[in-house]
Each structure stands twice: as C-alpha cells, then as structure tokens.
Amino acid sequence: MRRQALHSQEMVPGDDAPLPTAPDAEAVRSASAAGGAGTVVWHRDDLRIGDNPGLAAAAAETDRVLPLFVFDPAFYGERGMACDARIEFLHDCLRDLDRQYRDVGGAGLTYAHGDPLDVLERFVDAGWDVVATATASGRYGRRRDDRARERLGVRFVAGDGLVRDADRPREGWSDHVESWLAAEPLDWDPRSVAIERVGSPVDPDRMSDAYGVDSAKTDVPIGGRGPARERLRAFAEEIAAYPGSISSPLDAREGTSGLSPYLRFGCLSVGEVHRHVDERAPDGRGKSMFVSRLFWNRHYTQKLLDWPGWLDRAVNPVYEGFNSDRHDPGLVAAWKEGETGFPMVDASMRCLRETGWLNFRMRALCASVYFHVLQQPWRIGADHFYEHLIDGDAAINYTQWQSQCGLIGRPGLRLYDPRKQVRDQDPDGEFVTRWIPELEPLPSVHLDAPEKTPLAVQCEVGVRIGETYPYPIVDYEAARSEFRERYGAVFDVAAARLGDEEIARRASLSGGVEAARSIAADRGDPDGAAGDDAGGTAQTGLDDFE
Ligand SMILES: Cc1cc2nc3c(=O)[nH]c(=O)nc-3n(C[C@H](O)[C@H](O)[C@H](O)COP(=O)(O)OP(=O)(O)OC[C@H]3O[C@@H](n4cnc5c(N)ncnc54)[C@H](O)[C@@H]3O)c2cc1C
C-alpha cells in the first residue's frame with residue numbers, strides 16, 4: 001500500500017502513536033504554578049531563535065516564554081512520508097535549537113509528543129498564551145492551525161515575506177518581497193525574558209527509538225545553525241563559481257549553496273541568507289542568480305499559501321487525472337529504482353534514494369521523463385521525491401512538479417532529453433558511472449544511449465545491455481511524440497481555463513490574475529481545437545518564475 005500523504009484530507013494524527021501525549025497535564029500545571037504562566041512559542045519549521053517573527057512578538061509582549069516543539073505522530077512512521085534521513089536532520093536541528101536557547105541563558109526547548117492541539121491545550125488550560133510563526137502549509141497544517149486559532153486562541157505571526165489576506169496577493173508582489181528582504185532582522189533581547197522549560201519524557205533520541213528511525217542514506221548534511229552558517233559563509237566566498245555549477249549534477253553538489261534543508265527547517269531565515277550574501281559576497285552574476293533563487297523560494301511558497309490544492313490536484317482542472325489511465329506500477333517502480341535504461345535518470349534516481357539530494361536540473365529531468373516519457377500520474381512521482389528529499393518542502397516540491405509536468409496549461413512546456421543531459425552535463429560519465437557502476441567498463445561515448453553500443457564493444461568490455469543494464473523501458477521518441485499529441489490535444493482548452501477567475505487565482509502566476517488571463521486570451525480555445533504545437537520544445541527560462 002502506498003504511504004498516506006501527510007496533507008491528505010482524511011489524516012487523523014496520533015491514533016496509533018507509540019508514545020503517550022507528553023508532557024502530561026500535571027507536569028504542565030505544576031511548572032506553571034511554580035513560576036506563573038507566560039507565552040508558549042510553538043516552533044514548527046522555524047528552528048532558530050534569531051529573526052523569528054513568533055518569538056520576537058512573544059518576547060516583546062511578555063517576560064516569560066516557553067519554547068515548545070511538538071513531535072506530531074502524523075510525521076513519523078508509515079504515514080509520515082519523510083525518509084529517516086530527513087527525520088534525523090530535523091532531530092539535529094532540534095538539539096541545536098535547544099542549545100541556542102541555553103546559549104542565551106535560557107532553560108532550553110520543551111519537547112512534547114502527540115496531537116499538537118492536545119499538547120497546546122494543556123498549556124492554555126494552565127494559563128499560557130500560545131504564539132507561532134505563520135507558515136504556508138497544505139490541508140493538514142491549515143486545518144491544524146485553524147483549529148488551534150479557533151479552539152485555543154493561538155496567534156500566528158506573519159513575517160516570512162509572503163502576502164496574506166490580500167484579494168490579489170500577486171499585485172506588487174515582487175516589490176513586497178524586495179522590501180521585506182531589505183528590512184532589518186527581528187531582534188529580541190534574551191535578557192528581557194525568562195526562557196522556561198517543562199520537563200518531558202520525550203526528546204529526539206527517544207523519538208528515534210520509538211519510531212525506529214535509522215537512516216541508511218549517506219552524504220547527508222548535519223542539521224542545525226552551526227553547519228548552516230558555515231555552509232552560507234563558504235558559499236558566499238565562492239559565489240562567482242555558482243552560475244557554472246548549477247546544471248551539472250557533480251559540480252552542483254559543492255557549487256550550489258546546499259542551503260535548502262536549512263531553509264526548509266528554518267535554521268536560517270531567507271532574509272538572513274539574503275543579508276549575508278548581499279553584504280559579504282562579491283557583486284556579479286553569481287550573486288544576482290542566487291538572489292533570484294531566494295525569490296523563487298518565496299514565489300513557490302506563495303503559491304501554496306494561495307491554494308492548498310497544489311499538493312493533490314492539478315492546478316488546471318483540464319489536466320486532472322492526466323496519465324492516470326496509463327498507470328503502470330512496473331514503470332513507476334523502474335523509475336524509482338533507477339532501472340529505466342536512461343542512464344542520467346537512473347543515476348539521478350539512485351542518487352536521490354542514497355543521498356536525499358539532487359540539483360535542480362536533475363530533479364526537473366527526472367520529473368519530466370516520469371510524466372512526459374513514461375507518462376505516469378504526477379502525484380506518485382511527486383510523493384516519492386517528497387519522501388526522499390532531505391529538503392523535501394511541500395510548497396516547493398509539489399508546485400515545481402506541477403510546473404515541470406505542465407499542469408498549469410501555460411505555453412513553454414519544457415521536455416528534457418535524458419540522453420542530451422548526459423552529453424551536456426556529464427560527458428566523461430563520472431556521475432553516471434558513480435551511481436551505475438555496472439556501466440563503468442563502457443566507453444563514456446556510449447553512456448548517453450548504452451543500448452546503441454555495438455555488440456562487439458559490449459562483448460569486449462563485458463557489459464551486456466539487457467542483462468547487465470536494461471534496455472530503455474520505453475521508446476523515447478515514440479513516447480515523447482505520443483505525449484505531445486495527447487497533451488497538445490487539450491492544451492487550448494486548458495489555456496482557456498486560465499481565464500476563469502478561480503483558476504487564475506490558484507495558478508498564482510508571478511504576473512497575477514492578469515498574466516493568467518492573457519494566456520487564456522492568446523492561446524485559449526474553450527471549444528477545444530487541438531494546439532498542434534502545444535507541448536513543443538520551447539525552452540522558457542525560469543526568470544518568469546515558471
Ligand atoms: C521537481 C522539483 C522538486 C523540487 N523540490 C524541492 C523541495 O522539496 N525543496 C526545495 O527546497 N527545493 C526543491 N526544488 C528546487 C531546487 O531544485 C532546490 O531548491 C535546489 O536544488 C536546492 O539546492 P541548493 O540549496 O544548493 O540550491 P541553490 O541553487 O543554492 O538555491 C538557493 C535556494 O534557493 C531556493 N531555490 C533554488 N532553486 C529553486 C527553485 N527552482 N524553486 C524554488 N526555490 C528554489 C531554495 O530555497 C534553495 O535552497 C525542486 C525542484 C524541482 C524541479
């Protein structure tokens with residue numbers, strides 16, 4: 001059975017938790033009676049004490065804060081859709097957050113376990129207020145936060161650069177983010193507040209034991225602010241090399257910032273990263289390209305804030321269920337295992353499973369081949385990425401998947417050719433043979449399409465395509481043309497749907513509702529005339545955020 005998604009509507013967390021809800025009500029009551037109640041700061045994906053909107057707001061209003069992290073059973077075990085390596089990374093970040101509080105003279109972080117609402121209720125009943133930093137989440141997190149607000153009066157403090165409560169969030173959006181990035185960090189004075197803690201029987205080690213967390217991944221970064229700051233400092237010094245390192249899967253591992261897991265868990269704020277690079281990194285193309293990526297981070301996160309359906313429904317209803325009738329578990333399994341017969345895809349998928357990270361280009365390639373060539377349902381692929389990525393971020397992962405697959409219905413769909421990617425990004429076959437050692441003996445000139453290697457060469461080097469390594473699992477050219485035909489056949493109808501106010505809003509394009517409407521006007525045909533060039537090879541850059 002496939003794992004239940006965290007964001008699914010039906011999820012009921014906590015019903016099979018192997019640990020009791022903790023700390024218990026009595027422990028909370030007696031700690032509160034001893035020193036009086038103040039404000040609980042409920043940490044979620046903001047695992048830092050600096051530049052933290054929720055914490056800064058609490059510290060400004062009270063002289064007693066209690067930082068709390070609740071281990072939610074929904075994120076663990078079979079239903080959690082998080083690989084053990086991501087959980088271990090989270091646990092590193094939590095130990096580090098505990099240290100951050102102790103380093104400024106506080107008692108540390110209180111750990112709890114259970115349905116967050118049940119845990120928070122114990123504090124509210126004992127007289128505490130609760131504050132949290134607002135975040136963009138899917139249906140599960142949204143429902144949890146709505147209930148926390150309504151039932152317990154939890155206050156969510158915005159400050160992440162996203163536009164909330166606006167009728168048209170995309171109007172003036174870039175200016176808004178730019179001025180947010182230029183703002184001063186949210187400081188607070190640790191000497192002005194007592195940082196309290198309630199003893200609890202749970203901590204990261206106990207959670208790992210209880211849920212059997214034991215990662216087999218390798219080369220995974222250590223979580224926490226120290227490693228994050230070190231990575232940021234080193235990257236800023238080498239930023240000039242960034243543009244040349246982005247596309248190759250080998251160069252990117254050291255040449256891009258590697259900050260994504262730290263941003264995902266909030267060890268660093270986006271603003272802090274921006275400030276450091278702005279002040280310390282040399283001006284040039286590397287710096288401006290990197291800063292544009294920080295905008296993309298906010299852009300894709302804004303999309304999820306604008307419409308939670310990104311996680312489970314095609315943004316353009318015309319593409320809902322596309323490829324579902326062709327679902328072939330054998331093709332999906334081959335893609336997940338790195339056994340498709342397309343070396344760049346297979347090397348990337350094995351690398352993802354083993355290390356939990358891939359550069360942007362290879363993520364896009366694997367998503368493209370999965371949806372456009374193997375023609376499989378997008379969400380199964382997106383869930384697999386989400387499970388294995390250490391930086392697995394619901395907002396970015398699922399919106400990127402839908403964009404890469406072409407589910408928005410805008411022109412400029414990009415189809416990646418896995419053989420060209422070998423020739424362009426790995427001409428010596430270093431990446432491919434690192435992850436597919438069975439191809440090591442093959443001369444690198446054959447690594448883009450091993451099935452075309454002359455039999456005499458195969459015999460000579462002892463690699464038999466079809467035995468040592470699979471033939472391509474589908475005929476690339478035929479599958480691609482078939483996809484283009486199927487996709488193109490409904491493209492004009494899909495483009496027309498972008499003219500609907502509701503669809504235009506949920507698409508959350510960088511140009512807002514107007515941009516969606518103009519696609520509908522230029523390319524849409526509600527009566528469904530086939531767009532024979534739709535899904536063509538147009539290579540849009542990402543500078544328009546798609
Ligand atoms: C199908 C697919 C799924 C993805 N899933 C995720 C995910 O779950 N989590 C995630 O953080 N990124 C995701 N990305 C975006 C991107 O691949 C990663 O952010 C990047 O590879 C992380 O490495 P880095 O920190 O060294 O990146 P850098 O190039 O150093 O970029 C710095 C930061 O900018 C942001 N960023 C960079 N590229 C993008 C982008 N295209 N979209 C949005 N933000 C971006 C990230 O926060 C990143 O950490 C996905 C991309 C694709 C195509």
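Mean Kyte-Doolittle hydropathy of -1.0 or higher plus an axial Cα length of 24 Å or more: which whole DSSP H helices in the chain meet both?
Working: long enough: 84-103 (28 Å, -1.20); 285-306 (31 Å, -0.76); 476-497 (30 Å, -0.50).
In the chain, the long hydrophobic H runs are 285-306, 476-497.
Shape analysis of the range 224-294 places it in the oblate category; the axes a ≥ b ≥ c from the Cα gyration tensor give an a/c of at least 1.5, with a/b not above b/c.
Accessible area of residue 125 (1.4 Å probe, protein heavy atoms only, ligands and nucleic acids ignored): about 120 Å². What is the range 317-523 by shape, rounded, prolate or oblate, if you read a ≥ b ≥ c off the alpha carbon gyration tensor as root eigenvalues and call it rounded for a/c under 1.5, prolate for a/b larger than b/c, and oblate otherwise? Prolate shape, in that a/c is at least 1.5 and a/b is the bigger ratio. Most simply put, the chain has about 5% antiparallel DSSP beta bridges, counting only bridges with both residues inside it. If R0 is taken as 30 Å, the Cβ-Cβ distance between residue 250 and residue 292 corresponds to a FRET efficiency of 0.85.
With a 1.4 Å probe and every protein chain left in place, work out the accessible area per residue of the range 156-252 in Å², rounded to a whole number.
Accessible surface, normalised per residue, equals 53 Å².
Rolling a 1.4 Å probe across the protein heavy atoms gives the range 317-523 an accessible surface of 35 Å² per residue.
Treating cross-link reach as a plain straight distance, find the lysines whose alpha-carbon is under 17 Å from the alpha-carbon of residue 452, omitting any fewer than eight places away in the same chain. Qualifying lysines at Cα under 17 Å: 420. Solvent exposure of residue 110, expressed as accessible area, is near 0 Å², computed with a probe of 1.4 Å over the protein chains only. Taking amide H as placed 1.01 Å from N in the peptide plane, the amide H of residue 157 sits under 5 Å from that of 132, 133, 134, each at least 5 places away or on another chain. Phi-derived couplings, Karplus 6.51 cos²θ - 1.76 cosθ + 1.60 at θ = phi - 60°, listed residue by residue for the range 434-440: 5, 9, 10, x, 5, 9, 3 Hz, with x used for Gly and Pro.
Within the straight-line cut-off of under 16 Å between alpha carbons, the lysines reachable from residue 217 are 336, sequence neighbours fewer than 8 places apart in one chain being disregarded.
On the chain, 47 percent of the accessible area sits on carbon and sulfur atoms, based on a 1.4 Å probe. Remark on residue 194: its backbone amide H falls under 5 Å from those of 64, 65, a criterion applied only to residues 5 or more positions apart or on other chains, H modelled at 1.01 Å from N.
Under the 0.36 nm per residue contour assumption, what length would be gained going from the current alpha-carbon distance of residue 325 and residue 215 to full extension?
Extra length from residue 325 to residue 215 when fully extended: 36.1 nm.
Is the shape of the range 161-300 rounded, prolate or oblate, going by the alpha carbon gyration tensor and its root eigenvalues a ≥ b ≥ c, with a/c under 1.5 for rounded and a/b larger than b/c for prolate? It is oblate, given that a/c is not under 1.5 and a/b is not larger than b/c.
The values are calculated or read from the model by the stated rules, or taken from the named source; none is laboratory data. Fair warning: this is a prediction, and the values are worked out from it, not measured in the lab. Note that each Cβ is placed from the backbone with ideal geometry, even for glycine, and that neighbours are counted across all protein chains shown. Heads up: the accessible areas ignore ligands, DNA and RNA and are worked out on the full protein's heavy atoms, side chains in. Shrake-Rupley method; radii C 1.70, N 1.55, O 1.52, S 1.80 Å.
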